[in-house]
Amino acid sequence: MKQRKPILLAFLLGIGVFLYACKPSDAKLQKEVNDKLSTASPGVIAEVKGGVATLSGEVMDDAAKTAAEDAAKSVKGVKSVVNNVMLTPPPPPPAAPPVSINPDDVLKSSVDSAINAAGITGVTATIANGEVTLTGTIKKADLRKVMQAANEAKPKKVNNKLTLQ
């Protein structure tokens, strides 16, 4: 009986050493996780210690953050994942170009020529500080053409004081 204990102890010790030696190293796990992350979530990297993968980096949305965590969890040998990935807000949309307002003399000639080109009579355009004021009497059917002509000249504002027939 006494000889069985040392043999059993040696056998268990041998199995323990074998199992420990077969466990993937942190360096190997880290390489495998980072390989997966390079395709699943570019911009995210992992550091592995004791089988725990700690993710860091920046992504645009929660879906990418979750994809990175799932990719790390899928590597055999990773015990758990600490997801320290930060969300980066998307860049703001480009600013709208400034509104260009033509000078009064350009507005006057543009509005007058557009109204004359449309063949509309009875309209007077007065320009002051970038604002066009339309006065006169026109047919209701011509109102859209007159307003379009005034707005295409790029004034600050169009004041409609027209009387419709």
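The values are calculated or read from the model by the stated rules, or taken from the named source; none is laboratory data. If you're wondering where the values come from, they're calculated on a predicted model, not measured in any experiment. Please note: Cβ atoms are built from the backbone with ideal geometry, for glycine as well, and neighbour counts cover all protein chains shown. Note: areas computed on protein heavy atoms with side chains; ligands, DNA, RNA excluded. Shrake-Rupley method; radii C 1.70, N 1.55, O 1.52, S 1.80 Å.
Out of the residues in region 65-97 that are part of a loop (DSSP other than H, G, I, E, B) and among the charged types (D, E, K, R), which is least open to solvent (accessible area, probe 1.4 Å)? Step through it out loud before you land on a result.
Going through region 65-97, the residues part of a loop (DSSP other than H, G, I, E, B) turn out to be 74-79, 84-85, 88-97.
If we keep only those that are among the charged types (D, E, K, R) too, we end up with 76, 79.
On the way: LYS76: 178, LYS79: 145 Å².
In this case the residue turns out to be LYS79.
Taking the stated definitions as given, is SER100 small (Gly, Ala, Ser), at pLDDT 90 or above and open to solvent by less than 70 Å² (accessible area, probe 1.4 Å)?
On the way: small (Gly, Ala, Ser): yes; at pLDDT 90 or above: no; open to solvent by less than 70 Å² (accessible area, probe 1.4 Å): yes.
No: the conditions fail for SER100.
Condition first: without any contact (Cβ under 8 Å) to a residue 40 or more places away in the chain and open to solvent by less than 60 Å² (accessible area, probe 1.4 Å). Now tell me which residues in region 44-64 satisfy that.
Pass one, region 44-64, residues without any contact (Cβ under 8 Å) to a residue 40 or more places away in the chain: 45-64.
Those that are without any contact (Cβ under 8 Å) to a residue 40 or more places away in the chain and open to solvent by less than 60 Å² (accessible area, probe 1.4 Å): ALA46, VAL48, GLY50, GLY51, VAL52, ALA53, THR54, LEU55, SER56, GLY57, VAL59, ALA64.
Looking only at region 118-150, which residues are in a helix (DSSP H, G or I) and open to solvent by 90 Å² or more (accessible area, probe 1.4 Å)?
Here is the first cut: in region 118-150, the residues in a helix (DSSP H, G or I) are 140-150.
Across region 118-150, the qualifying residues are LYS140, ARG144, LYS145, GLN148.
Among the residues of region 84-140, how many are under 23 Å from the mean Cα position of the chain (by Cα) and among the polar types (S, T, N, Q)?
2
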